[in-house]
Amino acid sequence: MSLTDDLWSDIESIYAEILKHPFVRGLTDGTLPRAAFRHFVEQDSLYLRDYARALALCGARAPESAALRAFVEDAVGALAAEQEMLAGFGAELGDEPLGQLVLPTTRAYTTHLLAAAYGGSYAEAVGAVLPCYWIYARVGEELLAQSSTDPLYARWIAAYGDEAFQSVVRRVLALTDALGEELSPAERARVRERFVTSSQYEWMFWDAAWRGERWPV
């Protein structure tokens, strides 16, 4: 199997749990509390800053110019998405400024990404950042057919289900498969481990917003 086939087979059960999560279901049926969505937007805007750093590191370590260009462009895109999220969704979530406190799940996830980007191989770094691309694309594609009864949530769904985002993800998947052709079995296993961990954090990120996670002390 291709590397991406292997990776997706590792997380099929995680992805199924993501689709069943009440946060994701609440986006489409319009029942998601605004407080949970606000929590998500706040933490996602903070997450994207470190995600952009991890993408930039992938670009810096990329052996080919096409991958360098792709990851650097996506790092810039992640920072732009942070600003758009704050300006767009933030304006509709109340007059109070969105918080700047990085909460436990966000901190754990970004620490994992940066540890892979700084301390792992280039392939491990790609494995760690890939779920944020791929799972959002799959969720966006899945939910786009249903959209939402809530216009705010319909906009969020459209952003990730839209063809422009899907084409970016296809490009990264192609880069990942090309990379997989040169990996030893041991390194391929490490890439799969990084990928699975990031996918678990994706579920946890939505769950943290649903629960209104806070630092316990």
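It is to be established whether one or more residues within the range 124-138 are among the basic types (Lys, Arg), on the phi < 0 side of the Ramachandran plot and within 13 Å of the chain's Cα centre (by Cα).
yes
I'd like the residue in the range 103-121 that is surrounded by fewer than 17 Cβ atoms within 10 Å (Cβ to Cβ) and over 15 Å from the mean Cα position of the chain (by Cα) and, out of all such residues, is nearest to residue 4 (Cα to Cα).
121
If the requirement is being free of Cβ contacts under 8 Å to residues at least 24 places away in the same chain and within 20 Å of residue 59 (Cα to Cα), which of these qualifies: 180, 119?
On the way: 180 fails: free of Cβ contacts under 8 Å to residues at least 24 places away in the same chain.
Of the residues listed, the single one that is free of Cβ contacts under 8 Å to residues at least 24 places away in the same chain and within 20 Å of residue 59 (Cα to Cα) is 119.
Does any residue in the range 1-15 that is touching a residue at least 60 places away in the same chain (Cβ under 8 Å) come within less than 8 Å, Cβ to Cβ, of a residue that is in a loop (DSSP other than H, G, I, E, B) and aliphatic (A, V, I, L, M) six or more places away or on a different chain, and which pairs are these?
Going by the 8 Å Cβ cut-off, the qualifying pairs are 3/183.
Scan the range 156-205 residue by residue and report those that are within 23 Å of residue 73 (Cα to Cα), among the charged types (D, E, K, R) and assigned to a helix (DSSP H, G or I).
Correct list: 163, 170, 171, 177, 194, 202.
Would you kindly identify the helices (runs of 4 or more DSSP H) lying entirely within the range 1-88 that contain at least 2 residues that are under 19 Å from residue 106 (Cα atoms) and of a type in the set (Lys, Arg)?
On the way: elements: 3-20, 22-29, 34-61, 65-88.
Fully inside the range 1-88 and qualifying: 34-61.
What's the total number of residues in the range 194-217 that are open to solvent by 30 Å² or more (accessible area, probe 1.4 Å) and among the hydroxyl-bearing types (Ser, Thr, Tyr)? Give the derivation first.
Initial filter on the range 194-217 (open to solvent by 30 Å² or more (accessible area, probe 1.4 Å)): 194, 196-197, 200-201, 203-204, 210-212, 214-217.
Of the ones still in play, those that are also among the hydroxyl-bearing types (Ser, Thr, Tyr) are 197, 201.
Summing the residues that are open to solvent by 30 Å² or more (accessible area, probe 1.4 Å) and among the hydroxyl-bearing types (Ser, Thr, Tyr) in the range 194-217 gives 2.
Could you check the range 34-86 and list, in sequence order, the residues that are farther than 27 Å from residue 155 by Cβ and among the β-branched types (Val, Ile, Thr)?
72 - this is the single residue of the range 34-86 that is farther than 27 Å from residue 155 by Cβ and among the β-branched types (Val, Ile, Thr).
Criterion first (at pLDDT 90 or above and either outside any helix (DSSP H, G or I) or not hydrophobic (A, V, I, L, M, F, W, C) (or both)) does residue 95 satisfy it? Please lay out each step first, then the result.
Numbers: at pLDDT 90 or above: no; either outside any helix (DSSP H, G or I) or not hydrophobic (A, V, I, L, M, F, W, C) (or both): yes.
It is false that residue 95 is at pLDDT 90 or above and either outside any helix (DSSP H, G or I) or not hydrophobic (A, V, I, L, M, F, W, C) (or both).
The values are calculated or read from the model by the stated rules, or taken from the named source; none is laboratory data. Everything numeric in this text was worked out from a predicted model, so none of it was measured. Positions of Cβ are backbone-derived with ideal geometry, glycine not excepted, and every protein chain shown enters the neighbour counts. Quick note on the areas: whole protein, heavy atoms, side chains included, nothing else; ligands and nucleic acids left out. Shrake-Rupley method; radii C 1.70, N 1.55, O 1.52, S 1.80 Å.
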